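Derivation of every value follows stated rules applied to the coordinates shown; laboratory data play no part. For clarity, every value in this text was computed on a predicted model and none was experimentally measured. Because the Cβ atoms are built from the backbone with ideal geometry, glycine has one as well, and the counts that use them run over all protein chains shown.
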Ligand SMILES: Cc1ncc(COP(=O)(O)O)c(C=O)c1O
């Protein structure tokens, strides 16, 4: 039995992952894989990335003891890993800096990316501006409506934003369009994918770049508590902030892990985005993993109040960790997330992203049920400024 | 040799190229596909490829994306497309292939898909998002039913890989003509001609070579065949006729037939006249 941190083996996490892409792209993903294997060991590359992570992105991000929230809940100590304080306001910058540096090493000057909430688009635009690359971002027209602020931010950052009107006009369609662009322009273009999804080696590369979250937090919690946390909690859209949190702890078998998916209006409503909790195995966007699909294998439309979780697939490593029962995948509804959004704002003076609010919502439920010892770390994947309008509208309707 | 291979061979003996005609199954509705197929055959199509519409067709341009949307709206399922093939095969003695993204097959499970495909008379399957390294089991099951596995080669495919792709392929090798998605194009790029020349040494004596993506006019077909490709795959040109003639069935069928006839004509007696092999 291999250690869980050893995967992928032959492009796969157990049976999940792989590279189910058109033949044209095989050369591109192989070139990327080879470059990454070399850069991973390259001291100059590592130094450059470390420099940008610290001086540009503001790492390490703090691990904050949320004392008020802890008291309110009366359970274990709750810590927040403050990715909301990273440059751009989310964990996304960890990945975009890493990949943009890779693109540069590969001599590609044009970067394309998809975005849902706009956070990955913003983080891509930032990394590209900093490194002198040209960024073009695909975004569903539906998402452009609900994340206007981020669309404007991307444009300010000198990125071009392409509106995608196909299908459900959200993240999955933005990925489709980015893939079509890549197929057409792969000789000049780097596809900077925003989560641990897509064909191998993307899920591995994005995981490795996001693992800085878990590596830092392990060190921080040991300093503060002298012990590993009882549990880690993170939200799962494609799954990058979650795997970045979990990965360095996978072989610490006593640390429990919870990945929180978006239950939207409830799993029974069909209006959700819980691929692991309510989906089935499928091949989508280049990977074998869990997807929301109908009996004929058509990919279904999803719903979540948070654009960043509104995706019918999930990273293959999560499918694997679910099957081997290393991580428990749970859900939080729109309503629970909005509630957690308000609670954290009121109790701690921190406005969390709606995505991260899903993780918080579960942690709050969970804290009630566990004994007082130990600590829970919730990854606060991003800040909520972008969501204030959506939440205001939602609360307005309820009044 | 199976039906697809024999068809290429017979035409080659007359120095003719093979016209492989694609339409999306169920576009604009399932009941029309057999009639459209008949028009294609009457126009001169030698092999038919019927597509299973998919919600997320990443290798397709706007034309076939729109066809997929129409077909799905009309309630087309993978099983219905296989039924359509059965109907076509009952009426015509012509090879019929299925083109589908992998997920509908994966969802149905390989055994069930291929046994149904076999019962419906499917001769070959093309899966644009299934590269050879993910296809071991797929090939095994397809072979057990005697169905051809048609793989794709692309402008970015290395020589070493091309050799392996040819080994995995039965029926014909599908050469993607350029970097990009499906859709009509103005002309055949010089790059495509170079590609054909590069690939021919790998396919000669092993498997027929057909070129697709962007081949939409008689001239395109002529150039490709003259340079030694044994066939052309034409899709978006026919799908556009369907799209432009919604609700005008007899005009649609006439135009499809005429378009197929003109493209077919351009392949006749032209095979390899510009290639040295
Ligand atoms: C703040 C925030 N958290 C989480 C996510 C979900 O992505 P992932 O599951 O890859 O971390 C997003 C995506 O846009 C996001 O913006």
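Of note:
- Over the protein assembly as shown, DSSP H runs of length four or greater, each weighted -39,500 (n - 2.57), average out per residue to a 222 nm ellipticity of -14000 deg cm²/dmol.
- Overall, the ratio between the Cα radius of gyration of region A:68-197 and 2.2 N^0.38 Å, rounded to two decimals, is 1.17.
- Least to most buried among A:138, B:174 (fewest other Cβ within 10 Å first): A:138, B:174
- Cα-Cα separations in region A:140-221 greater than 23 Å, expressed as whole percent: 38 percent
- For the options B:70, B:222, B:107, a Gaussian network treatment of chain B with springs between C-alpha atoms closer than 10 Å singles out B:107 as fluctuating the most.
- Sorting the segments A:342-351, A:242-251, B:255-264 by their residues' average number of neighbouring beta-carbon atoms within 10 angstrom, most packed first, yields A:242-251, B:255-264, A:342-351.
- Within 10 Å of the Cβ of each residue in A:185-192, the mean number of Cβ atoms contributed by other protein chains is 1.
- Inter-chain shielding of B:43-55 (mean C-beta neighbours from other protein chains, 10 Å cut-off): 2
- Principal axis extents of the C-alpha atoms in chain A (largest first, rounded to whole Å): 56, 48, 43.
- For region B:22-127, the Kirkwood estimate of hydrodynamic radius, built from reciprocal distances between every pair of different alpha carbons, is 13.5 Å.
- Summary value for region B:10-76: 45 percent relative contact order, contacts being C-alpha pairs under 8 angstrom separated by 6+ residues.
- For chain A, averaging the sequence separation of C-alpha pairs within contact (under 8 Å, six or more residues apart) and dividing by the residue count gives a relative contact order of 20 percent.
- Neighbouring partner chain Cβ atoms per residue of B:165-177, average, 10 Å criterion: 1
- Cα gyration tensor of the protein assembly as shown - equivalent ellipsoid semi-axes, whole Å, descending: 48, 25, 22
- Ordering A:208, B:254 from the fewest to the most neighbouring beta carbons within 10 Å gives B:254, A:208.
- Mean separation of Cα contacts under 8 Å (6+ apart) over length of region B:3-266, as relative contact order %: 24 percent
- 5 Å-binned pair-distance histogram of region B:3-266 (Cα, whole percent): 1, 6, 15, 19, 21, 19, 12, 6, 1, 0
- Residue order, fewest to most beta carbons within 10 Å, for A:323, A:189: A:323, A:189
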